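The values are calculated or read from the model by the stated rules, or taken from the named source; none is laboratory data. Everything numeric in this text was worked out from a predicted model, so none of it was measured. No Cβ is skipped: glycine too gets one built from the backbone with ideal geometry, and neighbour counts run over all protein chains shown. The accessibility values were calculated without ligands, DNA or RNA, using every heavy atom of the protein model including side chains. Shrake-Rupley method; radii C 1.70, N 1.55, O 1.52, S 1.80 Å.
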Amino acid sequence: MTLPRTALVIDDNPVNVLLLERLLTARSDLETTSASSGTEGLDLARDNPPDLLFLDLHLPDMSGKDVLAAMRADASTAHVPVVIVTADLDPDIAIDDDPLTHLLPKPIDADRLVRVVDATLSRP
Amino acid sequence: MPLEPTDHATTPIESARDLAELRRFCSHSLREPIHTIAIGLDLLDADDIVGEQREVIDRQVRDSVAGLERMATRLSDYLRLETTDPTEVRVGDAAAAAARTVAARYPAVSLGVDAPDVSIVADPMLLCSAFVELFDNAARHGGEGSICHVDVTVTAEDPGHVVRVRDRGPHDWLDDPSLVELFRHGRDGGPGVGLSICRRITELHEGSLRLVADHADPHVELVFAS
């Protein structure tokens with residue numbers, strides 16, 4: 001029996017969280033949890049590194065950019081693929097040199113989300 | 001020493017920094033709430049969104065609508081600042097009226113304002129509006145049950161008067177003087193209009209807004225020169 005894959009959503013906006021959860025649960029092999037702050041999200045990610053993490057850039061306690069930096073600096077989470085979900089027209093974050101990080105603009109295109117999830121989870 | 005803001009109201013938006021700031025403003029303050037409202041309304045249409053989940057989504061949508069309304073109101077306040085009608089006005093009276101307005105907004109905050117009973121030449125409504133902006137900044141960060149004290153002093157300056165406003169709230173502009181520019185907001189994520197309104201009011205009185213970035217005594221100076 002195959003264990004379900006896990007996704008963690010770090011976003012303080014419950015509308016965004018619910019939308020992502022609904023889009024992701026279309027995949028029966030994916031279990032989703034969420035955190036509403038960067039600190040809570042980092043703790044969850046360190047305790048149980050997810051197979052995929054969705055990250056908002058504007059969190060109440062720290063920026064998504066700092067969350068990403070903390071994850072990449074921690075051996076337990078450095079390998080986790082991250083999808084930054086943002087409404088920013090000009091996100092202040094460099095991901096070109098990070099093959100594990102993707103940008104998904106809002107409004108979320110469901111087809112594009114599925115493609116990103118499929119591509120990320122199909123990696124060995 | 002006083003920081004000298006640039007005149008954003010009359011300077012074309014041409015620098016890369018201006019554009020980047022506007023893009024950030026549009027992204028976070030406009031696109032995000034619009035996105036939330038659109039998605040939230042779709043979710044509320046779904047039959048399986050019930051109970052507490054429905055309440056949370058409903059509240060988030062309403063908060064986003066209210067946020068956009070507040071921003072539109074603030075921008076309207078700013079854009080209406082075109083003329084002034086200066087007269088002798090008692091600073092203490094204007095400060096007291098502003099304090100009443102702000103206290104009504106934050107009933108859980110105990111707001112105290114000390115202001116001298118002296119007169120300056122200014123538009124009474126606009127002087128009161130400038131005080132409202134500054135007192136609101138002070139009270140907003142206080143939190144429930146907090147005591148917020150604002151001290152207003154006035155000194156004569158040739159020509160006109162300098163009105164100094166001191167409070168113990170956080171002053172994001174100590175680290176970022178550009179917050180006086182329109183749409184540049186601090187850590188509280190407001191629309192970034194309040195200090196611009198204060199500056200515009202002083203400019204309409206042929207004066208200026210000075211942010212005195214003395215870490216031991218940070219305060220705002222409103223110069224009324226007309």
Pairs under 7 Å by beta carbon, first residue surrounded by fewer than 17 Cβ atoms within 10 Å (Cβ to Cβ) in region A:91-117, partner modelled with pLDDT of 80 or more and of a type in the set (D, E, K, R), six or more apart or different chains? A:92/A:65
If I ask for residues that are within 14 Å of chain B (Cβ to nearest Cβ) and either touching a Cys at 6+ places or on another chain (Cβ under 6 Å) or within 21 Å of residue A:6 (Cα to Cα) (or both), which ones from region A:58-73 would you list? A:64
Just checking, which of B:73, B:87 is closer than 20 Å to residue B:200 by Cα, in contact (Cβ under 8 Å) with a residue 12 or more places away in the chain and not small (Gly, Ala, Ser)? B:87
Region A:74-124: number of residues that are within 14 Å of chain B (Cβ to nearest Cβ), more than 17 Å from residue B:33 (Cα to Cα) and in contact with a His (Cβ under 9 Å, 6 or more places away or on another chain): 1
Number of the exception - residue B:129 against (1) among the hydroxyl-bearing types (Ser, Thr, Tyr); (2) in a loop (DSSP other than H, G, I, E, B); (3) open to solvent by less than 60 Å² (accessible area, probe 1.4 Å): (2)
By my count, helices (runs of 4 or more DSSP H) wholly in region B:1-84 with at least 2 residues that are among the acidic types (Asp, Glu) and at pLDDT below 90 are B:16-25, B:51-79
Out of the residues in region A:1-25 meeting the condition of being in a loop (DSSP other than H, G, I, E, B) and more than 14 Å from chain B (Cβ to nearest Cβ), tell me which one is nearest to residue B:62 (Cα to Cα). A:4
Here are some residues: A:42, A:52, A:8, A:89. Which one is in contact with a helix residue (DSSP H, G or I) (Cβ under 7 Å, 6 or more places away or on another chain) and at pLDDT below 90? A:89
Taking residue A:26, is it touching a residue at least 60 places away in the same chain (Cβ under 8 Å) and among the aliphatic types (A, V, I, L, M)? yes
Region B:132-173, subset in a helix (DSSP H, G or I) and without any contact (Cβ under 8 Å) to a residue 60 or more places away in the chain, residue surrounded by the most Cβ atoms within 10 Å (Cβ to Cβ): B:135
Out of everything in region B:86-111 that is among the hydrophobic types (A, V, I, L, M, F, W, C) and farther than 14 Å from residue B:127 by Cα, what residue ends up being least open to solvent (accessible area, probe 1.4 Å)? B:102
